[in-house]
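The values are calculated or read from the model by the stated rules, or taken from the named source; none is laboratory data. Remember, it's a predicted structure, so these values are computed and weren't measured experimentally. Note: ideal-geometry Cβ built from the backbone for every residue, glycine included; neighbour counts use all protein chains shown.
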Amino acid sequence: MCTHKNLTHILFLCFTTSIVFLSCTHEMTITIVQTSDTHSCIEPDAKTGMGGYARRATLIDSLRTHVDPDLLLFDCGDYSQGSLYYTLFQGETEVRLMNAMGYDAATIGNHEFDFGEENMQRLFTVAQFPTLSCNYDVSGTPLEGCVLPYTIITRKGVRIGVFGVTPAMDGLVFKKNYAGITYHDPVAKANETAALLRDREHCDLVVCLSHLGWQIPSADIDDERFIPQTHGIDVVLGGHSHSVFIEPALYNDADGRPVTLMHNGKSGLYVGLWQITVRK
């Protein structure tokens, strides 16, 4: 059954954007911290000395103390696989440390499948944050009830809809490890979910946690091709391709609205920090 601290050696990328609504009467700053593709790098990187979960926790504690106690903390997948911690404990170390840091939501990376669905169910049950994918149908599998299409978080009076989009498993995951899971077109499902969040749930801000990657010609879809086909998304936080953006990329969606995209690399060397001004 599923339910839903040395600052100088970790780098973070900081960007500010603005979402403006009509009839402006109140202005709030929403702070988002983004990680992705940590790949079980619990300890600092041996070559650079950067990263590690202890430094990440210290940074997040400092941001909550000095920047915004109500910050949102998201992961864009592949927190699994890459060190002996994962080999020995099959993801539980990573998830329990993410619990301790107070993550608000995560999406699924392809490496979360490496020990199969029953292990994923175990991890997602241990997780004190929701695991999101709007385009995986997990009905009738061990993951039923453990994976949600979206979640809604209210901070400072702002309703924030958050959903996940995840890649086709064929070619990335052993078939036996995703038996019974149906993959749906992420564009269609993202548009359906964003419309629901806007129209039915009355969200002020819509955030997509993506594990589609960026500029991957061999993939059916990536963030660069995904965003121009979507409606109603404000921010896409990306992972999978291990891309490092020095500054965020802007792509117009299908309605000509600019959507901000950010990727922050791999192995926990970088943490992305967003501050979004919402005038409501």
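Scanning the range 118-138 finds one or more residues that are of a type in the set (S, T, N, Q), farther than 30 Å from Ile276 by Cα, more than 16 Å from the chain's Cα centre (by Cα) and crowded, with 18+ Cβ neighbours inside 10 Å. With respect to (1) surrounded by 19 or more Cβ atoms within 10 Å (Cβ to Cβ); (2) of a type in the set (Asp, Glu); (3) modelled with pLDDT under 95, the lone exception for Asp223 is condition (3). Would you check if there is a residue in the range 86-93 being in contact with a strand residue (DSSP E or B) (Cβ under 9 Å, 6 or more places away or on another chain), buried (at least 22 other Cβ atoms within 10 Å of the Cβ) and not polar (S, T, N, Q)? Checked against the condition, which is being in contact with a strand residue (DSSP E or B) (Cβ under 9 Å, 6 or more places away or on another chain), buried (at least 22 other Cβ atoms within 10 Å of the Cβ) and not polar (S, T, N, Q), the range 86-93 yields no hits at all. For the range 203-222, the condition holds for at least one residue, the condition being that it is among the charged types (D, E, K, R) and in contact with a Lys or Arg (Cβ under 7 Å, 6 or more places away or on another chain). Against the test of being over 18 Å from the mean Cα position of the chain (by Cα) and at positive phi, the options Gly256, Gly268 yield a single qualifying residue, Gly256.
In the range 178-191, the qualifying residues are those that are at pLDDT 95 or above, outside any loop (DSSP other than H, G, I, E, B) and not small (Gly, Ala, Ser), and the one that is surrounded by the most Cβ atoms within 10 Å (Cβ to Cβ) is Pro186.
In this structure, Asp78 qualifies as in contact with a helix residue (DSSP H, G or I) (Cβ under 6 Å, 6 or more places away or on another chain), charged (D, E, K, R), closer than 22 Å to Val207 by Cβ and modelled with pLDDT under 95. Quick one: is Lys175 more than 16 Å from the chain's Cα centre (by Cα) and modelled with pLDDT under 95? Yes. Of all the residues in the range 1-39, those that are modelled with pLDDT of 90 or more and in a loop (DSSP other than H, G, I, E, B) number 4. Taking the range 203-247 as the range and being in a strand (DSSP E or B) and over 18 Å from Gly268 (Cα atoms) as the test, the residues that pass are Leu205, Val206, Val207, Cys208, Val235, Val236. The set of residues from the range 248-278 being among the aromatic types (Phe, Trp, Tyr) and either assigned to a loop (DSSP other than H, G, I, E, B) or under 17 Å from Ile30 (Cβ atoms) (or both) comprises just one member, Trp274.
Against the conditions (1) part of a helix (DSSP H, G or I); (2) at pLDDT below 95, Ala195 satisfies every one except (2). With respect to the stated conditions, Ser133 is under 16 Å from Phe163 (Cα atoms) and not aliphatic (A, V, I, L, M).
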